[in-house]
1. Just checking, how many residues over the range 87-110 are touching a Ser or Thr at 6+ places or on another chain (Cβ under 7 Å) and surrounded by 19 or more Cβ atoms within 10 Å (Cβ to Cβ)?
2. Identify all residues within the range 80-111 that are more than 30 Å from Val21 (Cα to Cα) and charged (D, E, K, R); write none if there are none.
3. What are the residue pairs meeting all of these: first residue in the range 92-106, first residue over 13 Å from Ala77 (Cα atoms) and in a loop (DSSP other than H, G, I, E, B), second residue among the aromatic types (Phe, Trp, Tyr) and open to solvent by less than 40 Å² (accessible area, probe 1.4 Å), Cβ atoms under 8 Å, and 6 or more apart or on different chains?
4. Answer yes or no as to whether Tyr4 is in a helix (DSSP H, G or I), modelled with pLDDT of 95 or more and open to solvent by 70 Å² or more (accessible area, probe 1.4 Å).
5. Report yes if Leu50 is open to solvent by 90 Å² or more (accessible area, probe 1.4 Å), within 17 Å of Gly82 (Cβ to Cβ) and not β-branched (Val, Ile, Thr), otherwise no.
6. What are the pairs, 6+ residues apart or on separate chains, where a residue within the range 1-14 that is of a type in the set (Asp, Glu) has its Cβ under 7 Å from a residue that is open to solvent by 60 Å² or more (accessible area, probe 1.4 Å)?
7. Just one of Ala22, Ala77 is crowded, with 16+ Cβ neighbours inside 10 Å, farther than 25 Å from Ala110 by Cα, touching a Lys or Arg at 6+ places or on another chain (Cβ under 9 Å) and at pLDDT 95 or above; which is it?
8. Of Arg55, Arg32, which residue is buried (at least 17 other Cβ atoms within 10 Å of the Cβ), among the basic types (Lys, Arg) and closer than 29 Å to Leu3 by Cα?
Amino acid sequence: RYLYCDEIQLEADTVLATLYVAKKYFVPHLARACVNYLETSLTAKNACLLLSQSRLFEEPELMQRCWEVIDAQAEMALKSDGFVDIDMSTLESVLGRETLNCKEMNLLEAA
């Protein structure tokens, strides 16, 4: 729809797939709109999943915002459903993080 009508309608359940397509077919304006949408919808419950996706899509600004949320609300982020869906390298990054605001026991239990 964006390519033909210059109209962007993003929804939570399709934004990651839209970002993937925008990156694949080099549509930077649409990719930026997707990243902006993700940044505004970022919460502790989806921060780990979005961190994993931002690493995959090479979006450093979104990655930084995810880290800020994860650091500040680590316990909630580690208990989220999205935490169990992250890739191994993202898990290693989370486990090696020195600035998480949680007890090490909570981190161990989450892992």
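The values are calculated or read from the model by the stated rules, or taken from the named source; none is laboratory data. All values derive from a computational prediction rather than experimental measurement. Please note: Cβ atoms are built from the backbone with ideal geometry, for glycine as well, and neighbour counts cover all protein chains shown. Protein only, heavy atoms only, side chains kept; ligands, DNA and RNA dropped before computing areas. Shrake-Rupley method; radii C 1.70, N 1.55, O 1.52, S 1.80 Å.
1. Residues flagged as touching a Ser or Thr at 6+ places or on another chain (Cβ under 7 Å) and surrounded by 19 or more Cβ atoms within 10 Å (Cβ to Cβ) within the range 87-110 amount to 1.
2. Those that are more than 30 Å from Val21 (Cα to Cα) and charged (D, E, K, R): Arg97, Glu98, Lys103, Glu104, Glu109.
3. Within 8 Å, the pairs are Arg97/Trp67.
4. Values: in a helix (DSSP H, G or I): yes; modelled with pLDDT of 95 or more: no; open to solvent by 70 Å² or more (accessible area, probe 1.4 Å): yes.
For Tyr4, the condition - in a helix (DSSP H, G or I), modelled with pLDDT of 95 or more and open to solvent by 70 Å² or more (accessible area, probe 1.4 Å) - is not met.
5. No.
6. Matching pairs, first to second residue: Glu7/Arg1.
7. Details: Ala77 fails: farther than 25 Å from Ala110 by Cα.
Of the residues listed, the single one that is crowded, with 16+ Cβ neighbours inside 10 Å, farther than 25 Å from Ala110 by Cα, touching a Lys or Arg at 6+ places or on another chain (Cβ under 9 Å) and at pLDDT 95 or above is Ala22.
8. Just one listed residue meets the conditions, Arg55.
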